[in-house]
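Below is one structure, written out as C-alpha cells, with a few remarks after it.
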Amino acid sequence: MEWVEAVGRTVDEAVAEAMNALGESSKDAVDVEIVEEAKKGFLGIGGQDARVKVTLKPKKRQRRRRGGRNRDRRNTEGQGDRAPKAKSGGGQGNRSKQQSKSKNGSKNRRQKPQQGSGGSGAKKVAVDKKPEEKADIEEQAQVAKEFAVGLLKAFGVDGDVVTKVEDEILFIDINGEQTEALVGRKGAVVQAVHELTRTVIQRKTFGAPRMRLDIAGYGARRREALKIYATRLAETVVEDGREAMLEPMNAADRKVVHDAISEIDGVRSFSEGEDPNRSVVVAPS
Amino acid sequence: MEQGEIVEKVVRYVTEQIVDDASSVEVEVISDGEDSVVAEVRTAKKDMGRVIGRRGRVARAIRSVARAGGDEEGLDVQVEFLD
C-alpha cells in the first residue's frame, strides 16, 4: 500500500501536499489519518504544523506502468479482511542493529555457506570487499528466478519473474495481476520474499549478491513516493530552518531518503535511533 | 480445496528450498475448524538453524509468506518450528 506523510499549516494543506506527492487528485481515492492537528501559534511563533498520513486506497489502481506493459491488474478482492491479521507479531521487536547494517551497508559481503551440521563455527561472516572471486551472479540470478517461480506456483498465483544484473546488483521483478497479494502490509511480504530469496541463493551458490526485489511494482511506487515526499520535506526544512524527522523506516527506504536529500542544497540528512525505530532526520545544513 | 492448502504448499516449498535435507521436511497444517490454522514445521535437526536463521530472520520471513498464503484463503496463520 502506498502512503505518504506530510505536514502543512492546516490539515487541508497537509493533505493537499500528500496527495500531490502521491500524484492523486481524487479525495475519494485516499484515506487520511491525522497524525497531529495544527496548533495556532502566537504571532506566528510556537505554532505547530498539521501532520497527516495519506494512504491510497487499495481499490484504486495506479496509473503507473512498468516498462510500457499494460496489464490490467484487477483487484485482488476477497482478502479485504487482512488488516487485523497483518499485525507484525512478536517478530519485529528483536531486529538487531547488525541486521540492518548488513542489509544495506555492505557491498559484496560474502558469507561462508554454512556447512552441514555446523552451527557455531560457520557464523562468522567473511568480509571480502574485493569483487574478484565472484560467485557467478548470472547463476545466482537463475537460482533466484527458479525460486520465485516456484514460490508463485506454491501460492497458486500467476506471474512473471524477470531478473537482470546491472552493476553487480541482481534485480528481481515479480509481476502479474495476482501478485499484488504478495506485497503485504507496507511491503512486509516483499521483504520476506527478498529475505528468503537471499537465503536460498546463499545456500545454493557461494554468497549472495546485492539484490533488489520487487513485487507488483510496489517498491518502485514506494520509492518514487518517498523521494517526492523527501524532496518536499527538504523544501520545508530550508524555509523553516528547522529539523524534521520522518517516521521510522527500514534501511533501504532510509537510503532512498538520504539519496534524495543529498541532491538538494541547504539540507543534510542523518539517521537516529535504533532499528526498528531508526528514523531519518532532515536538517538545515 | 482443502483448508490451509496454500499455506501448506508455501511453507513446504520455502522450507525445502532452504534446507539440505529436503526429504526430512514435514509440514502439517492443523486447523481449528474456523478461520485459523497452525503450520507445524519439522526438519532434520541439523537444518533447523538454517530454517530459523540468524536472529530468527528466516523464520520470520517464512511466517510472513505463510500469512500471505493464509490471506488468500481468509485464514489466520501461525507457524511453529519444531524439532
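Data table
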| quantity | calculated |
| --- | --- |
| Hits among aspartates and glutamates - C-alpha to C-alpha of A:Lys27 under 14 Å, sequence gap 8 or more where chains match | A:Asp12, A:Glu13, A:Glu17 |
| Extension reserve of the A:Glu37-A:Asn277 stretch, reckoned as 0.36 nm per residue once the Cα distance is removed | 84.1 nm |
| Subset of A:Lys204/B:Lys9; A:Lys57/A:Lys227; A:Lys145/B:Lys9; A:Lys153/A:Lys255 violating a 26 Å alpha-carbon distance limit | A:Lys153/A:Lys255 |
| Neighbouring partner chain Cβ atoms per residue of A:163-175, average, 10 Å criterion | 0 |
| Per-residue average of Cβ from other chains inside 10 Å of B:20-26 | 1 |
| Averaged over A:185-196, number of beta-carbon atoms from partner chains that fall within 10 Å | 5 |
| Chain B: Rg to Rh, with Rh as the Kirkwood radius over Cα pairs | 0.96 |
| Rel. contact order, % - alpha carbon contacts under 8 angstrom, at least six apart, chain B | 35 |
| Kirkwood Rh and Cα Rg combined as Rg/Rh, segment A:170-228 | 1.01 |
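Bear in mind that the values in this text are calculations on the coordinates, not laboratory data. Small disclaimer: the values here were computed from a predicted structure and weren't measured. Cβ sites come from the backbone with ideal geometry, for glycine too, and all protein chains shown count toward neighbours.
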